[in-house]
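*Asks:* Right, I'll just put the structure down here and ask away after.
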Amino acid sequence: MKEVINTKLAPGAIGPYSQGTKWKDLIFTSGQIPLDPKTGDLVEGDIEVQARRTLENLKAVIEASGSSITNVLKTTCYITDMNHFQKFNSVYQEYFREGVPARSCIAVVELPKGALCEVEAIAVIKEL
């Protein structure tokens, strides 16, 4: 049975979707952008500041499901400028040090609320 994931430690959805869903041992997160979970406002700062907030939001959703960021199997990352790729990667590596998940990174024209990056993930509940 599908279960909706909801936590106040990540920003609420800004559209008709949930923060994530859990089905059996799988977790599917919605894309997280650099919104402050307390205010719902976009954090100000460069790609590194925004990437860190985005990944903290992603981590909060995954942990609310009963799992851990170490159990992420795949991420899809969206950035608005490929010139940010290396700086984004440096922050990303802080969160995924061991057992780095499979990943796609796509440059897009625009993201919600003017964000510089967005990340979604697929994870498992059980420890890998």
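*Asks:* When both residues are 6+ apart or on different chains and their Cβ atoms are under 7 Å apart, which pairs have a first residue that lies in segment 107-128 and is farther than 23 Å from ALA64 by Cα, and a second that is assigned to a loop (DSSP other than H, G, I, E, B) and among the aliphatic types (A, V, I, L, M)?
*Replies:* LEU111/ILE33; PRO112/ILE14; PRO112/ILE33; LYS113/ILE33; ALA115/ILE33
*Asks:* Oh, and also: Filter segment 23-46 for residues that are crowded, with 22+ Cβ neighbours inside 10 Å and over 10 Å from the mean Cα position of the chain (by Cα); which is farthest from THR76 (Cα to Cα)?
*Replies:* Kept after step one, since they are crowded, with 22+ Cβ neighbours inside 10 Å, are these residues of segment 23-46: 27, 29, 32-35.
If we keep only those that are over 10 Å from the mean Cα position of the chain (by Cα) too, we end up with 27, 35.
Details: ILE27: 14, LEU35: 18 Å.
It comes out as LEU35.
*Asks:* For LYS2, which of the numbered conditions (1) over 14 Å from the mean Cα position of the chain (by Cα); (2) farther than 18 Å from VAL124 by Cβ fails to hold?
*Replies:* (2)
*Asks:* Out of segment 54-110, which residues are more than 12 Å from the chain's Cα centre (by Cα), assigned to a helix (DSSP H, G or I) and of a type in the set (Ser, Thr, Tyr)?
*Replies:* THR70, SER90 - these are the residues of segment 54-110 that are more than 12 Å from the chain's Cα centre (by Cα), assigned to a helix (DSSP H, G or I) and of a type in the set (Ser, Thr, Tyr).
*Asks:* Would segment 54-64 turn up any residue that is farther than 23 Å from PHE88 by Cβ, of a type in the set (Gly, Ala, Ser) and touching a residue at least 40 places away in the same chain (Cβ under 8 Å)?
*Replies:* Yes, segment 54-64 contains at least one residue that is farther than 23 Å from PHE88 by Cβ, of a type in the set (Gly, Ala, Ser) and touching a residue at least 40 places away in the same chain (Cβ under 8 Å).
*Asks:* Next up: Suppose we filter segment 1-27 for residues that are assigned to a strand (DSSP E or B) and among the polar types (S, T, N, Q); how many remain?
*Replies:* Qualifying residue count, segment 1-27: 1.
*Asks:* Just to be sure, is VAL100 within 24 Å of THR21 (Cα to Cα), crowded, with 21+ Cβ neighbours inside 10 Å and not aromatic (Phe, Trp, Tyr)?
*Replies:* So VAL100 fails the test.
*Asks:* What is the residue count in segment 111-121 for residues that are surrounded by fewer than 17 Cβ atoms within 10 Å (Cβ to Cβ) and either in a strand (DSSP E or B) or in contact with a Cys (Cβ under 8 Å, 6 or more places away or on another chain) (or both)?
*Replies:* 0
Values in this text are rule-based calculations from the coordinates and carry no lab data. Model, not experiment: these values are computed from the prediction. Note: ideal-geometry Cβ built from the backbone for every residue, glycine included; neighbour counts use all protein chains shown.
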